[in-house]
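One structure is given below, encoded as structure tokens.
The values are calculated or read from the model by the stated rules, or taken from the named source; none is laboratory data. What you see is a predicted model; the values in this text were computed from it and never measured. Ideal geometry is used to build each Cβ from the backbone, glycine not excepted, and the neighbour counts take in all protein chains shown.
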Amino acid sequence: MNGLEVISTVKEFAVVCIMLLSAAQASFASAHRQDSVASVLTLAPGSAITAVSPDGYFSEPSIAVNYKNPRQVTVVYQRNVSAAYSTDGGNHWMRSSGLSIPSYRGSGDVSVVYDNEGHAIMSCIAFDNLGTEDYWGHGATRNGIFIKRSLDGGKKWEANTVVVDSQGTKPGIPFEDKPYIVADNTGSPFAGRLYIGWTEWRLTESVILFSRSADDGITWSKPVDISDVHGLPRDDNGGLEGFDGTVTPDGVLHVVWTNGDEIIYKTSADGGKTFTPDRAIIKTAPAMFKPAGVYRANGFPQIASDARGRLYITWSDYRNGDIDVFESYSSDSGKVWSPPVRVNNDSLHDGADQFMQWLTVDRATGDVYVIFYDRRMDPLNVRAWVVVARSSDGGNTFSNYLMSDSSFAPDGAFIGDYNGVAAFDGRVYGAWTERVPRVELGRNDAAVVKVGVANFNVIK
């Protein structure tokens with residue numbers, strides 16, 4: 001063995017030692033991180049998890065609880081549109097039938113509510129082919145916004161598909177995207193109204209369209225543009241996206257969406273006929289971002305209200321370097337909003353991402369719940385757990401609990417643009433997407449929708 005061979009061998013040995021040491025340090029750091037976080041993050045009380053979809057390519061769940069019969073819960077997800085329901089408070093789940101949108105090749109972007117009749121109402125998009133990626137108005141094909149109703153609370157869905165808006169096949173048509181449905185379950189003069197808002201991608205701009213129904217979702221008003229300021233025509237930042245709404249006990253509809261790095265807020269006091277002007281209420285970092293290993297994610301806002309009319313907004317952004325979840329509240333009907341409250345309670349600037357949040361308020365208890373993916377237990381910031389945060393002091397502080405009992409790594413799977421959460425009388429239902437390795441198929445992008453149930457009645 002000559003000198004060069006010895007040097008080469010020594011170098012190789014040193015590299016191996018360094019690699020082994022690094023692996024050991026990473027393993028120790030991971031174990032230390034998990035041990036330290038486990039002492040802070042406990043499993044949500046009464047936690048139970050069910051995979052409600054088969055293994056496949058499912059994502060973007062929305063979940064709702066029936067206030068008229070709180071043991072009845074339904075979850076919808078894509079793609080194509082699918083659903084499952086429970087009649088015993090989430091202990092057991094069965095898959096629903098009748099949700100297909102006839103004649104379209106694809107459907108998704110689903111959301112669901114229970115109205116004041118106890119009917120489950122689902123909104124979605126349907127299309128033949130997507131347009132150019134991130135520039136959906138370019139090359140858009142036949143598409144639209146559709147409604148399905150279930151008069152038995154989510155078991156069976158009516159054969160009839162209600163059209164809210166549709167675009168025929170011709171050059172230059174827009175693409176309708178991300179509808180979200182809102183129900184007025186108050187005792188106001190507009191009780192029973194249903195509302196939908198969504199993004200319309202045009203070749204040169206993006207706008208927020210809106211429609212309303214006064215007959216239990218059977219017919220819908222002609223869509224109108226409610227965005228005073230239009231956005232850019234792409235959805236990888238600068239577009240108008242993330243419509244969401246809530247109705248306060250006085251019957252006022254409060255809606256939000258994102259325009260670039262601002263949250264836009266406006267209200268309607270006449271059942272959705274007219275709206276106040278656009279108002280930018282919260283400055284954020286860009287709403288679209290890419291956590292490691294995730295196809296894409298966003299921090300689009302949600303808005304919810306309690307039985308007293310107190311309003312809450314959540315979103316996520318990376319103003320702190322890593323991605324955090326934030327909340328702001330208003331106790332004066334949206335006139336003044338609190339400074340941002342950080343929902344995730346890990347150390348500031350720890351390099352761990354929390355993302356894809358969703359918000360609900362328990363109308364029975366007034367507690368605020370936020371669900372999100374959380375990477376604080378992985379020092380490499382890759383594997384994600386599902387965490388539910390709870391506030392019992394009007395959104396001033398949040399306690400964090402593990403909703404999932406294990407983690408997953410996205411690794412290229414499409415886990416969607418949003419998750420879901422619903423709550424009533426201390427019982428919380430979270431819905432999310434996880435990647436499922438499909439080794440037998442030689443691919444890693446499969447995903448499953450899961451529902452976690454927790455019972456916070458045991459915490460006083």
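For segment 37-53, check the following and say yes or no: at least one residue is farther than 27 Å from S166 by Cβ, part of a helix (DSSP H, G or I) and out of contact with any strand residue (DSSP E or B) (no Cβ under 6 Å at 6 or more places or on another chain).
yes
Kindly indicate which of D134, D152, D177, D165 is surrounded by fewer than 20 Cβ atoms within 10 Å (Cβ to Cβ) and closer than 26 Å to Q302 by Cα.
Values: D152 fails: closer than 26 Å to Q302 by Cα; D177 fails: surrounded by fewer than 20 Cβ atoms within 10 Å (Cβ to Cβ); D165 fails: surrounded by fewer than 20 Cβ atoms within 10 Å (Cβ to Cβ).
Of the residues listed, the single one that is surrounded by fewer than 20 Cβ atoms within 10 Å (Cβ to Cβ) and closer than 26 Å to Q302 by Cα is D134.
Which ranges mark the strands (runs of 3 or more DSSP E) fully within segment 138-228 that have 2 or more residues being closer than 26 Å to V421 by Cα and in contact with a Ser or Thr (Cβ under 7 Å, 6 or more places away or on another chain)? Spell out the reasoning first.
Working: elements: 143-150, 162-167, 175-183, 194-201, 206-213.
Result: 143-150, 175-183, 194-201, 206-213.
For segment 356-397, give me the residue count where each residue is over 17 Å from G430 (Cα atoms) and in contact (Cβ under 8 Å) with a residue 12 or more places away in the chain. Full working, then the answer.
Here is the first cut: in segment 356-397, the ones over 17 Å from G430 (Cα atoms) are 364-366, 375-383, 392-397.
Narrowing further to those that are in contact (Cβ under 8 Å) with a residue 12 or more places away in the chain: 364-366, 375-383, 392, 394-397.
Qualifying residue count for the region: 17.
Here is a list: G245, G239, G231. Which entry is surrounded by 23 or more Cβ atoms within 10 Å (Cβ to Cβ) and closer than 24 Å to D184 by Cβ? If you could, list the steps in order and put the result at the bottom.
On the way: G239 fails: closer than 24 Å to D184 by Cβ; G231 fails: closer than 24 Å to D184 by Cβ.
Matching residue, one of G245, G239, G231: G245.
If you go through segment 295-339, how many residues are more than 18 Å from the chain's Cα centre (by Cα), free of Cβ contacts under 8 Å to residues at least 60 places away in the same chain and under 17 Å from A422 (Cα atoms)?
First, pick out the residues of segment 295-339 that are more than 18 Å from the chain's Cα centre (by Cα): 306-311, 319-322, 329-339.
Subset that is free of Cβ contacts under 8 Å to residues at least 60 places away in the same chain: 307-308, 319-322, 330, 332, 335-339.
Now restrict to residues that are under 17 Å from A422 (Cα atoms): 307.
Qualifying residue count, segment 295-339: 1.
Given the criterion assigned to a loop (DSSP other than H, G, I, E, B) and among the acidic types (D, E), identify the matching residue among D350, D324.
Details: D324 fails: assigned to a loop (DSSP other than H, G, I, E, B).
From the options D350, D324, the qualifying one is D350.
If you check every pair at least six apart or on different chains, which have Cβ atoms under 6 Å apart with a residue in segment 74-95 that is within 9 Å of V52 (Cβ to Cβ) first and a residue that is surrounded by fewer than 18 Cβ atoms within 10 Å (Cβ to Cβ) and β-branched (V, I, T) second?
Every condition considered, the pairs that remain are W93/T50.
All but one of (1) crowded, with 16+ Cβ neighbours inside 10 Å; (2) in a loop (DSSP other than H, G, I, E, B) hold for D250; state the number of the condition that does not hold.
(1)
Restricted to segment 137-149, and to residues that are surrounded by fewer than 18 Cβ atoms within 10 Å (Cβ to Cβ) and without any contact (Cβ under 8 Å) to a residue 40 or more places away in the chain, which residue is farthest from V112 (Cα to Cα)?
G139
Just wondering, is there one or more residues in segment 94-103 that are surrounded by 12 or more Cβ atoms within 10 Å (Cβ to Cβ), modelled with pLDDT under 90 and either assigned to a helix (DSSP H, G or I) or not small (G, A, S) (or both)?
Within segment 94-103 (the criterion being surrounded by 12 or more Cβ atoms within 10 Å (Cβ to Cβ), modelled with pLDDT under 90 and either assigned to a helix (DSSP H, G or I) or not small (G, A, S) (or both)), the answer is no, since none of the residues qualifies.
Out of the residues in segment 180-224 that are within 28 Å of D362 (Cβ to Cβ) and among the charged types (D, E, K, R), state the one that is surrounded by the fewest Cβ atoms within 10 Å (Cβ to Cβ).
That would be D216.
Which condition number in (1) buried (at least 21 other Cβ atoms within 10 Å of the Cβ); (2) under 21 Å from S268 (Cβ atoms) is the one that S333 fails?
Tallying (1) buried (at least 21 other Cβ atoms within 10 Å of the Cβ); (2) under 21 Å from S268 (Cβ atoms), S333 fails exactly one: (1).
Table: residues versus (1) within 21 Å of the chain's Cα centre (by Cα); (2) modelled with pLDDT under 90; (3) assigned by TED's automatic domain parsing to the domain that holds L402.
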{"position": "A23", "(1), (2), (3)": "no, yes, no"}
{"position": "A31", "(1), (2), (3)": "no, yes, no"}
{"position": "S62", "(1), (2), (3)": "yes, no, yes"}
{"position": "N69", "(1), (2), (3)": "no, no, yes"}
